[in-house]
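The values are calculated or read from the model by the stated rules, or taken from the named source; none is laboratory data. Predicted, not measured: the structure shown is a model, and the values here were computed from it. Reconstructed Cβ throughout: ideal geometry from the backbone, glycine too, with neighbour counts over all protein chains shown.
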Amino acid sequence: MWNRARDMSRPRLIDVDRPASEAVANDPDSDFDDPPIPQKKRHKKDSGPIKHAPKKVPRIGACGVKNLDRTLLEMSDSNADSIVVLCLLNAELTDHPAIKNSSADSVFVARTRDGAQYMLAADEDDLDENEFIGLFSSGPYTRLDPGVCDEIIDHLKTSDCHCVVVVDASDRGLNLARLAANVAMLKWTRALPNASSNAQLLKPSSAKWKEALERCAHGQTWANVRERARAWHVSL
């Protein structure tokens, strides 16, 4: 018997009355009789409330008159029970609206080495010896009388909730306020290694004041730190 070519021009007729017993079984290799593949169930993630993790903020801050409110908000966000004290580097800031309308709990004006109130202008870039050394200590060089840094630390020692923000007359306090705050942080962390609360205090934006802090940081004792500060200032 030989194969005959099927005539494709003629339609193929299907007998619908053909009994089921004569039905041709499905091809075992056919894909049409495979069971459907079960779909993987996707578990919805619980969409709970988003938890706000407040940014860690050191208890010593620095700012100017325009970012004071934001700095205070960050302080209160980090510690809801915070008691904030403002350290002003210009006595005239006591009458500034940003200070008078702030949420700070108290205010004090910092004093120079010879006991005068600081009057640093917004665009101040040079400090005289009494102004610069006053950040470290006061009085004659034969003694280590308290400076601005010590007054800041005294407030911090009152309780773990006390914070101090140094404010200068500029808009954002990028240099002088940060300089004074970093001097206080330098002394505070020497007495209490965990005082910074693992939060980084921003350095001054000016290379000049950054260099001053780097020079002072290598002092073994606070007297040595002050002598390094004095030597740096004399070298200008």
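Couple of notes before you dig in:
- Any hit, the range 76-91, residues being more than 25 Å from the chain's Cα centre (by Cα) and closer than 25 Å to residue 206 by Cβ: yes
Quick grid of which residues meet (1) under 13 Å from residue 223 (Cα atoms); (2) within 27 Å of the chain's Cα centre (by Cα); (3) of a type in the set (S, T, N, Q):
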{"residue": "111", "(1), (2), (3)": "no, no, no"}
{"residue": "116", "(1), (2), (3)": "no, no, no"}
{"residue": "126", "(1), (2), (3)": "no, no, no"}
{"residue": "138", "(1), (2), (3)": "yes, no, yes"}
{"residue": "150", "(1), (2), (3)": "no, yes, no"}
{"residue": "153", "(1), (2), (3)": "no, yes, no"}
{"residue": "158", "(1), (2), (3)": "no, yes, yes"}
{"residue": "161", "(1), (2), (3)": "no, yes, no"}
{"residue": "164", "(1), (2), (3)": "no, yes, no"}
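- Consider the range 120-159 and keep the residues that are in contact (Cβ under 8 Å) with a residue 60 or more places away in the chain, touching a Lys or Arg at 6+ places or on another chain (Cβ under 6 Å) and not aliphatic (A, V, I, L, M). The one that is farthest from residue 79 (Cα to Cα) is 137.
- Every residue from the range 101-125 that is at pLDDT 95 or above and over 20 Å from residue 165 (Cβ atoms): 113, 114, 115, 116
- Only a single item in (1) at pLDDT below 95; (2) within 18 Å of residue 176 (Cα to Cα); (3) touching a helix residue (DSSP H, G or I) at 6+ places or on another chain (Cβ under 6 Å) is not met by residue 85, and it is number (1).
- Counted residues, the range 62-82 - those being assigned to a strand (DSSP E or B) and modelled with pLDDT under 95: 0
- Hits in the range 106-119 (condition: assigned to a strand (DSSP E or B) and either farther than 30 Å from residue 82 by Cα or without any contact (Cβ under 8 Å) to a residue 24 or more places away in the chain (or both)): 106, 107, 109
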